[in-house]
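One structure below.
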Amino acid sequence: MNALRFLPLVSGLVLAPFLLGVVNRVKASFAGRTGQPLLQAYFDLAKLLRKGAVYSRTTTWVFRAGPVVGLAAVLTALMLLPAGRHAPAAWSFTGDLFLLAYCLGLVRFLTVLAALDTGSAFEGMGASREVQFSALAEPALLVSLAALARLTGGLGLTDITAGLDAASWEAAGPALALVALALGVVFLAENSRIPVDDPNTHLELTMIHEVMILDHSGPDLAFILYGAALKFWILGALIVNVGISWIGGPAAVSLPAFFAGMLLVAVGVGVVESVMARFRLLKVPRMLWVGVALSVLAFTLVGRFTA
Amino acid sequence: MTLPVDTILVLVILTGFLILGTVRLHTAIRLCAIQGVAIGLLPVAAAGEGTSLRVVLLGLFIIALKGVAFPRLLRRAIRESATSGEMQPYVGSTASIVVGILALIAAFWIDSRLSFLPDTHSLVAPVAFFTIIVGLFLIVARKLAITQVIGYLILENGIYVFGLAIALEVPVIVELGVLLDMFVAVFVMGIAIFRINREFNHMDSDQLRNLKG
């Protein structure tokens with residue numbers, strides 16, 4: 001059991017960039033291309049870490065602190081994350097779901113501060129959009145987690161994941177499906193994926209996340225990219241933990257199910273990015289409000305089902 | 001309180017939210033049809049093991065009417081009136097979704113205040129209130145006459161679900177009477193929209209106060 005405690009943390013640290021490779025591969029195969037190597041994200045990170053960083057003379061310490069503190073916050077969030085019922089998080093306590101949500105919030109806050117610190121008009125625009133969208137994604141995330149907490153009676157992520165089983169799907173299946181959907185909306189918005197943002201676009205006017213990190217270079221950029229990959233892993237794992245909870249059995253079943261689920265999430269993102277166009281910016285808040293509505297609905301349904 | 005019934009009721013709520021969120025008439029009509037089919041499946045799912053031929057036939061009739069006939073009538077009305085296919089809302093779609101969330105909370109609150117309902121933990125009554133509120137909201141918050149017909153249909157869906165909450169077994173003649181009423185209403189409204197459109201070259205209910213002469 002002790003060895004399993006660190007499995008979610010270590011696997012997240014090692015495998016997170018791999019998922020980005022899977023997304024790229026899926027998109028490439030949809031477009032009929034061979035695509036980048038699956039390990040391209042690792043190569044990029046290694047390359048960036050070997051380079052030096054360039055800092056604009058107009059920036060202050062905020063700009064330099066942004067990537068470092070951001071990565072630290074993501075790592076803290078990753079420590080709270082369990083991988084299925086049998087692999088508890090490396091660190092868990094009552095109420096750690098708030099710490100997870102606000103560690104992710106801290107990352108965003110620092111990225112925004114660093115972007116504003118550069119004084120670039122484009123980065124300010126991206127920061128404004130990022131803040132607007134995440135302000136709507138945050139209630140959806142918290143209410144979804146609250147619905148899970150209400151269903152399982154646990155207030156920590158590990159307790160919640162351990163409390164979800166086939167019986168809870170039988171009792172509150174629709175509510176759990178809605179939670180997974182709402183988390184899916186949050187996942188797409190927070191990771192700047194299509195249909196909210198296009199990670200491949202390089203036109204400043206349409207970018208949201210990418211535009212904020214234009215001025216970062218070298219190791220700083222590597223930290224940000226790695227942090228983004230970890231964020232992808234964390235939010236994906238939240239969905240997978242709900243999605244695989246109906247699978248019973250020992251750790252030998254639930255762990256492979258977890259990793260297969262993560263792979264499925266990456267493939268799903270690749271398919272969504274291949275078949276959909278991104279929304280007009282005006283339509284994005286509507287999608288996020290639907291996510292909030294789904295989570296509120298799930299929360300009220302859980303109250304009904306458990307009453 | 002079974003899983004199929006709950007799933008159908010959640011589907012009814014979801015279609016309600018999506019209708020609030022859409023601006024396209026065709027999407028709204030399709031969602032309205034999906035909700036109608038879900039409503040038609042509801043009595044069959046609620047009867048469970050003791051499904052009688054009567055219930056199945058009633059369900060089939062509702063599906064045929066709300067899932068096939070009404071959408072067809074509404075689509076024809078759109079085609080003949082040559083509108084842009086946009087809803088022209090007074091309240092924008094994002095704000096409408098927020099209203100939907102408030103309506104959902106209000107529906108559960110109303111349900112908690114009512115003590116005469118037989119099964120207090122059932123989802124049926126809150127879903128009914130939610131659907132009724134959504135229908136009323138669509139009627140007042142959208143400009144085009146055709147969206148008011150859609151709002152009316154959704155309102156009627158809510159009333160039907162509410163009937164299910166009070167009594168599972170309603171005499172079939174009453175059900176058929178209500179459905180016939182609705183059919184005539186939608187038929188007449190379809191014709192009315194067509195006439196409004198021919199007389200005024202639009203079906204914007206906001207401008208109907210102006211006399212033509």
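Here is how the numbers come out for the structure above:
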item: Scope region B:50-94; condition in a helix (DSSP H, G or I), within 19 Å of B:Leu138 (Cβ to Cβ) and of a type outside the set (Gly, Ala, Ser); matching residues; result: B:Lys66, B:Phe70, B:Pro71, B:Leu73, B:Leu74, B:Arg75, B:Ile78, B:Thr94
item: Residues being out of contact with any Ser or Thr (no Cβ under 8 Å at 6 or more places or on another chain) and of a type in the set (S, T, N, Q) - total across region A:111-168; result: 5
item: Hits in region A:185-206 (condition: in a helix (DSSP H, G or I) and either within 14 Å of chain B (Cβ to nearest Cβ) or open to solvent by less than 10 Å² (accessible area, probe 1.4 Å) (or both)); result: A:Val185, A:Val186, A:Phe187
item: Any hit, region A:207-229, residues being assigned to a helix (DSSP H, G or I), small (Gly, Ala, Ser) and farther than 30 Å from A:Leu113 by Cα; result: no
item: Subset of region A:257-282 [touching a residue at least 60 places away in the same chain (Cβ under 8 Å) and under 29 Å from B:Val12 (Cβ atoms)]; result: A:Val265, A:Val271, A:Val272, A:Val275, A:Met276, A:Phe279
item: Residue within region A:222-245 that is of a type outside the set (Val, Ile, Thr), over 18 Å from the mean Cα position of the chain (by Cα) and either within 22 Å of A:Gly21 (Cβ to Cβ) or surrounded by fewer than 23 Cβ atoms within 10 Å (Cβ to Cβ) (or both) present; result: no
item: Filter pass, A:Val290 being buried (at least 20 other Cβ atoms within 10 Å of the Cβ), within 9 Å of chain B (Cβ to nearest Cβ) and under 20 Å from A:Leu235 (Cβ atoms); result: yes
item: Criterion (open to solvent by less than 10 Å² (accessible area, probe 1.4 Å) and outside any helix (DSSP H, G or I)) met by exactly one of A:Gly84, A:Gly126; result: A:Gly84
item: Helices (runs of 4 or more DSSP H) contained entirely in region A:2-51, each with at least 2 residues that are at pLDDT 90 or above and surrounded by 14 or more Cβ atoms within 10 Å (Cβ to Cβ); result: A:7-31, A:40-50
item: Qualifying residue in region A:202-217 (condition: small (Gly, Ala, Ser) and over 17 Å from the mean Cα position of the chain (by Cα)); result: yes
item: Scan of region A:261-287 for residues that are more than 9 Å from chain B (Cβ to nearest Cβ), among the hydrophobic types (A, V, I, L, M, F, W, C) and open to solvent by 30 Å² or more (accessible area, probe 1.4 Å), ordered by number; result: A:Leu263, A:Leu264, A:Val267, A:Val271, A:Val272, A:Val275, A:Met276, A:Ala277, A:Phe279, A:Leu281
item: Residues (assigned to a helix (DSSP H, G or I), open to solvent by 10 Å² or more (accessible area, probe 1.4 Å), touching a residue at least 60 places away in the same chain (Cβ under 8 Å) and not β-branched (Val, Ile, Thr)) located in region A:158-183; result: A:Asp159, A:Ala162, A:Ala166, A:Ser168, A:Trp169, A:Ala171, A:Pro174, A:Ala180, A:Leu181
item: Subset tally (residues that are within 9 Å of chain A (Cβ to nearest Cβ) and of a type in the set (Val, Ile, Thr)) for region B:89-103; result: 4
item: Hits in region B:44-65 - residues which are open to solvent by less than 10 Å² (accessible area, probe 1.4 Å) and not aliphatic (A, V, I, L, M); result: B:Gly59
item: Matching option when the condition is closer than 25 Å to A:Leu294 by Cβ and either at pLDDT 85 or above or more than 10 Å from chain A (Cβ to nearest Cβ) (or both), among B:Ala46, B:Ala64, B:Ala77; result: B:Ala46
item: Output for region B:5-39, where each listed residue is more than 14 Å from chain A (Cβ to nearest Cβ) and surrounded by fewer than 23 Cβ atoms within 10 Å (Cβ to Cβ); result: B:His26, B:Arg30, B:Ala33, B:Ile34, B:Val37
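The values are calculated or read from the model by the stated rules, or taken from the named source; none is laboratory data. Small disclaimer: the values here were computed from a predicted structure and weren't measured. FYI the Cβ positions are ideal-geometry reconstructions off the backbone, even for glycines, and counts take in every protein chain you see. Just so you know, the surface numbers come from the protein's heavy atoms only, side chains and all, with ligands and any DNA or RNA stripped out. Shrake-Rupley method; radii C 1.70, N 1.55, O 1.52, S 1.80 Å.
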